[in-house]
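Peer 1: Starting off with a structure, shown below.
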C-alpha cells in the first residue's frame, strides 16, 4: 500500500470540525432543506461559528425571499446554541 493511500484511509475516518449554514429554499408552495458547505462531498467546513453567522447574513441579503430560515449548525448537523434567537427568517 502506498503512503498516500494509507493517509486517505486515515483522513477519511476523521470527522471534520467546523460549521455549516442550513436553510430552506422557498418555491412552489413548499420548502426544501439545503446546506453549505457540503461536508459529505469533502468541502472544507467554516472554521468558526462567528464566520459562519457572517456568511449566513451575507447569504440572506443575496437570497431575500428565496432562501429562508437560515441558521448555523456544527459538523454533526446539530444547531448551535441559541440558534433560535439568531436564525434569519429572510421573508
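The values are calculated or read from the model by the stated rules, or taken from the named source; none is laboratory data. Please read these numbers as outputs of a predicted model, since none were measured by experiment. Virtual Cβ from ideal backbone geometry, glycine too; neighbours counted across all protein chains shown.
Peer 1: For region 26-72, enumerate the residues that are within 10 Å of the chain's Cα centre (by Cα) and in a strand (DSSP E or B).
Peer 2: Matches in region 26-72: 34, 35, 36, 46, 70, 71, 72.
Peer 1: Can I ask one more? Looking only at region 23-42, how many residues end up being out of contact with any helix residue (DSSP H, G or I) (no Cβ under 9 Å at 6 or more places or on another chain) and surrounded by 13 or more Cβ atoms within 10 Å (Cβ to Cβ)?
Peer 2: Of the residues in that region, 7 qualify.
Peer 1: Still on this structure, I have one more. State yes or no: is residue 23 within 12 Å of the chain's Cα centre (by Cα), part of a helix (DSSP H, G or I), at pLDDT 90 or above and within 18 Å of residue 88 (Cβ to Cβ)? Show your work before the answer.
Peer 2: Details: within 12 Å of the chain's Cα centre (by Cα): yes; part of a helix (DSSP H, G or I): no; at pLDDT 90 or above: yes; within 18 Å of residue 88 (Cβ to Cβ): yes.
Criteria not met by residue 23.
Peer 1: Just checking, which of 63, 13 is at negative phi and modelled with pLDDT of 95 or more? Can you show your working first?
Peer 2: Numbers: 13 fails: modelled with pLDDT of 95 or more.
Only one candidate qualifies: 63.
Peer 1: Still on this structure: Can you find, within region 48-62, the residue that is farthest from residue 78 (Cα to Cα) among those that are surrounded by fewer than 16 Cβ atoms within 10 Å (Cβ to Cβ) and in contact with a strand residue (DSSP E or B) (Cβ under 8 Å, 6 or more places away or on another chain)? Steps first, please.
Peer 2: In the first step, residues of region 48-62 are kept if they are surrounded by fewer than 16 Cβ atoms within 10 Å (Cβ to Cβ); the result is 48, 50-51, 54, 57-58, 61-62.
When the remaining residues are screened for being in contact with a strand residue (DSSP E or B) (Cβ under 8 Å, 6 or more places away or on another chain), the result is 48, 51, 57.
Numbers: 48: 15, 51: 17, 57: 19 Å.
Step by step, filter region 48-62, then rank; the result is 57.
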